[in-house]
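Let me give you the structure first, and then I'll get to my questions.
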Number of protein chains: 4
Amino acid sequence: MARRPNRTARRAQIVEAMLRVMAARGYERSSVAAIAEEAGLTPGLVHYHFRSKEEVLRALLEHLEAILEERFVRFSRGAANPRDRLAAFVDAHLARDASARPEAVACWVALGTEALTREDIGAAYRDMVGRHLAVLQGLVRDALDAAAGDVARAPAIAAGLYAAIEGAFRLAAIAPGVIPEGSAASTLHAMTDGLLGPREETP
Amino acid sequence: MARRPNRTARRAQIVEAMLRVMAARGYERSSVAAIAEEAGLTPGLVHYHFRSKEEVLRALLEHLEAILEERFVRFSRGAANPRDRLAAFVDAHLARDASARPEAVACWVALGTEALTREDIGAAYRDMVGRHLAVLQGLVRDALDAAAGDVARAPAIAAGLYAAIEGAFRLAAIAPGVIPEGSAASTLHAMTDGLLGPREETP
Amino acid sequence: MARRPNRTARRAQIVEAMLRVMAARGYERSSVAAIAEEAGLTPGLVHYHFRSKEEVLRALLEHLEAILEERFVRFSRGAANPRDRLAAFVDAHLARDASARPEAVACWVALGTEALTREDIGAAYRDMVGRHLAVLQGLVRDALDAAAGDVARAPAIAAGLYAAIEGAFRLAAIAPGVIPEGSAASTLHAMTDGLLGPREETP
Amino acid sequence: MARRPNRTARRAQIVEAMLRVMAARGYERSSVAAIAEEAGLTPGLVHYHFRSKEEVLRALLEHLEAILEERFVRFSRGAANPRDRLAAFVDAHLARDASARPEAVACWVALGTEALTREDIGAAYRDMVGRHLAVLQGLVRDALDAAAGDVARAPAIAAGLYAAIEGAFRLAAIAPGVIPEGSAASTLHAMTDGLLGPREETP
DNA sequence: AATGAATGAGCCTTCATTCAT
DNA sequence: AATGAATGAAGGCTCATTCAT
């Protein structure tokens with residue numbers, strides 16, 4: 001039953017290599033050879049650890065989601081109220097802090113196109129959107145609740161915010177500068193405030 | 001005695017074919033042969049009318065923008081005030097009326113990925129974003145003006161709205177159903193209202 | 001019976017265009033479209049005047065030979081003795097005077113490769129070599145005769161000279177500068193003298 | 001556990017195949033598929049071992065030069081004086097002994113055409129001509145020295161001889177029979193004697 | 001676990017040639 | 001005579017995947 005200890009490590013190494021290559025070239029033009037080279041491995045080995053290139057893509061989707069999740073947890077650490085947790089969700093996606101990874105953002109954009117086209121990537125992507133949206137709706141509902149707002153508006157607001165986050169991702173990757181340098185997150189915070197009403201002072 | 005030229009018509013025919021194929025497969029997997037077949041032509045002829053596959057993509061970008069432009073003009077027709085013109089801008093992108101083209105939406109998503117990767121598609125895409133954003137800022141400023149709002153907020157609001165529109169495009173294509181069937185536009189309208197404040201009654 | 005007056009002119013125009021294009025690209029990469037464009041015509045018209053691309057090549061071979069012939073006649077004009085006529089033959093091939101055409105030289109090189117490969121070009125080329133060699137042998141024999149040399153050496157000397165001329169052509173085109181600028185002809189003249197013995201003074 | 005590399009052997013195999021195919025068809029019409037088939041390999045494998053078809057051509061140029069070099073060394077083995085070494089140089093190019101390779105001669109002709117057209121093949125070709133010419137000049141100078149001839153004539157004589165050798169190559173390939181069967185070498189020897197004066201008896 | 005060779009299918013593109021006008 | 005469109009057959013090259021070692 002002894003697992004080869006580098007099985008997991010190797011897979012992670014390959015997925016990370018794909019993250020970098022795919023950010024620069026998109027999925028189709030990320031050849032297995034290029035991914036292997038970026039990882040410092042040989043093409044054959046990639047197929048030893050993954051059944052196919054598409055399987056690497058699926059693993060990459062999970063990896064990207066894990067990165068987001070980790071950031072959300074970290075940004076939420078100091079969040080004392082619903083509004084702060086909402087801001088943490090936005091920051092997890094858009095804050096350009098030291099741990100930000102522009103390649104990951106580019107990957108999300110490329111991944112969306114694959115989700116559009118490949119059946120099982122699409123399914124996985126939709127699952128993820130569902131989970132994210134559920135979280136976001138919860139946060140919005142809490143925030144509305146706290147502000148004595150109309151909780152029935154939560155789904156629409158959550159959907160709008162999620163769309164805005166995805167769009168900001170996209171714009172940040174494709175047309176950086178359109179949303180002033182590094183301020184995607186603050187633009188989104190302003191939007192959040194616009195949608196939820198001004199924050200209450202917590203005395 | 002010369003044969004009647006038909007370049008313009010043929011080019012349009014090819015671009016439309018690519019629109020359909022690319023919506024289903026993405027750019028890289030839209031082979032020239034598949035595009036030609038969709039158009040009822042031979043692969044050689046595609047290259048007779050376009051220098052390269054990428055040139056078809058550039059033409060497609062223009063075509064897609066023209067479609068949006070035409071819709072915006074049409075939806076603006078009855079718009080009496082800034083707020084309505086703003087709604088027309090949103091509807092041009094997201095309304096699911098009879099003239100809506102889901103393939104075009106899918107194409108925008110795929111196109112973004114190519115913009116990320118191909119230098120001149122990226123440049124053309126950024127140009128377009130610049131133009132759209134300028135229009136949108138104008139509309140937002142007018143709307144704020146009419147509502148006696150703070151005009152200085154226009155750039156941030158416009159950027160946020162544009163991001164939301166792009167994101168809604170993306171979600172509509174990749175995960176239809178997340179934003180309730182056909183209501184992407186109304187979600188965005190609600191967001192607009194949230195950002196600009198309630199509409200004034202025009203007595 | 002009235003010939004269309006431009007039939008001949010058009011053919012010449014096409015052959016001259018091919019001469020220029022082929023000098024720059026070689027035969028295979030000289031597309032009919034490129035030749036037509038160089039001639040200011042359309043591709044279809046080339047095939048109206050020539051059955052095939054190879055037929056243009058055959059016409060070009062004749063054209064190139066005619067250019068050489070014309071030069072030989074011209075350089076021979078003032079030649080008073082066999083030795084001068086021999087020099088004229090060399091100059092017809094190698095002199096870099098105002099009427100020299102470097103493209104023609106390059107074409108000869110490219111043409112040789114086609115002669116190697118295409119049956120009927122090869123045959124035409126060998127015919128031409130035969131004619132040239134006959135002329136050259138005559139000249140050498142006359143020169144040996146006048147110098148009281150051994151006429152039996154004529155074939156070998158003629159063959160050697162002809163090889164040297166062909167080789168000088170080749171070097172001039174491929175590695176200009178190896179044979180000092182413009183001195184291919186004088187190098188060949190020196191070789192001729194070496195082979196035939198010093199010239200007699202014509203008192 | 002790794003597979004034993006065989007790059008060098010495979011590359012040589014491919015280059016030799018190209019030598020044969022190119023002698024018969026010229027460069028452009030030597031398709032990678034044909035080369036692969038001649039080598040008993042698949043087309044994909046050719047591109048696994050060479051970046052491009054042109055890289056095979058570059059390797060072929062080196063291979064051809066190595067063949068000449070080897071022959072020169074071999075023919076020089078018994079050469080006791082400058083004149084014999086000169087003869088060895090000529091024989092290395094033109095002697096039709098058992099080790100002679102007519103395909104190699106045809107390849108040289110075809111290669112010259114490519115040198116005319118392709119920038120880096122041209123550069124490599126000119127390099128080689130420079131090296132050959134330097135060797136030849138040295139040999140001619142030694143021979144003139146030994147015969148108490150005018151050493152200043154060495155460059156012109158060397159250039160003339162080299163041109164004659166190249167031309168004989170060409171004629172031998174394109175119009176065999178013009179220079180009587182197998183006597184290209186002896187014709188060149190005669191030319192050499194004509195240019196350097198009669199040999200001295202070595203008592 | 002790992003390597004490097006090998007395959008086979010497919011892709012973009014070029015091009016000589018034909019043809020309707 | 002002339003044009004411009006159209007075709008069909010390659011051709012060079014890439015690449016995911018398999019496999020012997």
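The values are calculated or read from the model by the stated rules, or taken from the named source; none is laboratory data. Worth saying up front: this structure is predicted, and the values here are computed from it rather than measured. Heads up, the Cβs are rebuilt from the backbone with ideal geometry, glycines too, and the neighbour counts pull from every protein chain shown. Accessible surface is based on the protein model in full, side chains and every heavy atom, while ligands, DNA and RNA are left aside. Shrake-Rupley method; radii C 1.70, N 1.55, O 1.52, S 1.80 Å.
Checking A:ALA79 against (1) near DNA strand F (Cβ under 9 Å from one of its atoms); (2) touching a helix residue (DSSP H, G or I) at 6+ places or on another chain (Cβ under 8 Å); (3) free of Cβ contacts under 8 Å to residues at least 12 places away in the same chain: exactly one of these is not met. Which one?
It is condition (1) that A:ALA79 fails.
With respect to B:VAL56, is the statement that it is open to solvent by less than 40 Å² (accessible area, probe 1.4 Å), among the β-branched types (Val, Ile, Thr) and away from DNA strand E (no atom under 16 Å from the Cβ) true?
Taking the combined requirement at face value, the residue does not satisfy it.
Identify the single condition in (1) at pLDDT 95 or above; (2) away from DNA strand F (no atom under 13 Å from the Cβ); (3) open to solvent by less than 40 Å² (accessible area, probe 1.4 Å) that C:ARG51 does not satisfy, given that it satisfies every other one.
(3)
So, one more: So which of A:ASP97, A:ASP91, A:ASP84, A:ASP145 is open to solvent by less than 40 Å² (accessible area, probe 1.4 Å), acidic (Asp, Glu) and away from chain B (no Cβ under 14 Å)?
It is A:ASP91.
Hey, does segment B:54-63 have a residue that's within 9 Å of DNA strand F (Cβ to nearest atom) and more than 14 Å from every other protein chain (Cβ to nearest Cβ)?
no
I need the full set of residues from segment B:1-23 which are of a type in the set (Val, Ile, Thr) and under 30 Å from A:ARG118 (Cβ atoms), in order please.
B:ILE14, B:VAL15, B:VAL21
Only residues that are part of a helix (DSSP H, G or I), among the small types (Gly, Ala, Ser) and more than 9 Å from DNA strand F (Cβ to nearest atom): list them for segment D:37-47, please.
D:ALA39 - this is the single residue of segment D:37-47 that is part of a helix (DSSP H, G or I), among the small types (Gly, Ala, Ser) and more than 9 Å from DNA strand F (Cβ to nearest atom).
Residues checked against (1) farther than 24 Å from C:PHE169 by Cβ; (2) in contact with a Pro (Cβ under 6 Å, 6 or more places away or on another chain); (3) among the small types (Gly, Ala, Ser):
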position: C:ASN6; (1), (2), (3): yes, no, no
position: C:GLY40; (1), (2), (3): yes, no, yes
position: C:VAL56; (1), (2), (3): no, no, no
position: C:ALA79; (1), (2), (3): no, no, yes
position: C:ARG83; (1), (2), (3): no, no, no
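Could you list, in sequence order, the residues of segment A:8-36 that are within 14 Å of chain B (Cβ to nearest Cβ), among the small types (Gly, Ala, Ser) and within 13 Å of DNA strand F (Cβ to nearest atom)?
A:ALA24, A:GLY26, A:SER30, A:SER31, A:ALA34
Same structure, new question: Would it be correct to say that A:ALA106 is surrounded by 17 or more Cβ atoms within 10 Å (Cβ to Cβ) and within 14 Å of chain B (Cβ to nearest Cβ)?
yes
So B:ARG71 fits all but one of (1) away from DNA strand E (no atom under 16 Å from the Cβ); (2) at pLDDT 95 or above; (3) out of contact with any Ser or Thr (no Cβ under 9 Å at 6 or more places or on another chain); what number is the exception?
So the condition that B:ARG71 fails would be (3).
Would you check if A:ARG74 is more than 28 Å from B:ALA115 (Cβ to Cβ), of a type outside the set (A, V, I, L, M), open to solvent by 60 Å² or more (accessible area, probe 1.4 Å) and more than 9 Å from every other protein chain (Cβ to nearest Cβ)?
Against the criterion (more than 28 Å from B:ALA115 (Cβ to Cβ), of a type outside the set (A, V, I, L, M), open to solvent by 60 Å² or more (accessible area, probe 1.4 Å) and more than 9 Å from every other protein chain (Cβ to nearest Cβ)), A:ARG74 qualifies.
Among the residues of segment A:8-26, is any in a loop (DSSP other than H, G, I, E, B), in contact (Cβ under 8 Å) with a residue 24 or more places away in the chain and within 13 Å of DNA strand E (Cβ to nearest atom)?
Checking segment A:8-26: not a single residue is in a loop (DSSP other than H, G, I, E, B), in contact (Cβ under 8 Å) with a residue 24 or more places away in the chain and within 13 Å of DNA strand E (Cβ to nearest atom).
Keeping to segment C:158-183, report how many residues are open to solvent by 10 Å² or more (accessible area, probe 1.4 Å) and more than 7 Å from every other protein chain (Cβ to nearest Cβ).
8
A further question follows. So, in segment B:31-47, how many residues would count as being away from DNA strand E (no atom under 11 Å from the Cβ) and surrounded by fewer than 18 Cβ atoms within 10 Å (Cβ to Cβ)?
2
Taking only segment A:112-127 into account, find how many residues are facing chain B (nearest Cβ under 9 Å) and closer than 17 Å to A:ALA66 by Cβ.
The qualifying residues number 1.
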